[in-house]
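Written out below as structure tokens is the structure these notes cover.
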Amino acid sequence: MKYEFIGKCLFFPQKGILVIGDLHLGYEYMLRETGSLIPATQFKQTKDDLSNIFELIRKKEYKVKKVIFLGDIKHFFGYNKGEKNLFVELNALIGKYVSEKNIIALKGNHEKIAEIADKKLVNYYIEEDTAFIHGDIEIKEAFDKKIKYIVMGHLHPAIMLRDSQNIKAEKYKCFLIGKYKTKEVIILPSFLPLVEGTSLNEHLSDNHCIIPKKILKNFYVHIIGNNK
């Protein structure tokens, strides 16, 4: 299927499918519990980023028909009421564009429960020849012979860019695209604004990702720029 990168999301224009990577709603709550005096701006920025992406899709004269969350929607491993309320609010925003039945939520390694705010979580989702998974465990259905593409999150890919004198360095979120077990794999960055992610060209642990790091290092990198 033809796809486009729009902001931190992946979009399939022919199918109208918008894919959203790891949100980690409630990350700010965790930081506050550890004593960090971080301003409460992450959720507002998350909503603003999503609204901008929907607007960009509208300007391209496409229509969003389905939204897929790739797991790790919440950050706390246990139950946290604040995270539930954030998801309810985010779901209401997305509900302005698509029906509730067309919002698919995958279960990530941060979701130890079967649902969030009455939204049932699934281990994977398949649309024709494309499998959507979180990426921490291998899903056998994603490697069926009919599957050509695997879309996943979990890794939070980023890349570090340095100047020629190695004085200044900046980390950028990125998409990774490559081959694994005959499938074309697309790995989405974390949607969480605060953390850039795991740098592919620095220390890259296996991080319980289904794809070995020696293979990941050969993936094509698409760096995220301005949402234009």
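The values are calculated or read from the model by the stated rules, or taken from the named source; none is laboratory data. Because the structure is a prediction, the values reported are computed rather than measured. Cβ: placed from backbone, ideal geometry, glycine included. Neighbour counts: every protein chain shown. Please note that ligands, DNA and RNA were not included when accessible areas were found on the heavy atoms of the full protein model with its side chains. Shrake-Rupley method; radii C 1.70, N 1.55, O 1.52, S 1.80 Å.
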Any hit, segment 144-152, residues being closer than 17 Å to Ile104 by Cβ, crowded, with 23+ Cβ neighbours inside 10 Å and in contact with a Phe, Trp or Tyr (Cβ under 7 Å, 6 or more places away or on another chain) | yes
Report, ordered by the first and then the second residue, all pairs with beta carbons closer than 6 Å, sequence separation of six or more or different chains, a first member in segment 136-154 that is of a type in the set (A, V, I, L, M), and a second member that is open to solvent by 40 Å² or more (accessible area, probe 1.4 Å).
-> Ile139/Tyr124
Does Tyr149 fit the bill of being at pLDDT below 95 and among the aromatic types (Phe, Trp, Tyr)?
-> no
In segment 112-124, is there at least one residue being over 29 Å from Ile147 (Cβ atoms), outside any helix (DSSP H, G or I) and at pLDDT below 95?
-> yes
If you scan segment 78-111, which residues turn out to be modelled with pLDDT under 85, surrounded by 12 or more Cβ atoms within 10 Å (Cβ to Cβ) and of a type in the set (Lys, Arg)?
-> Lys84
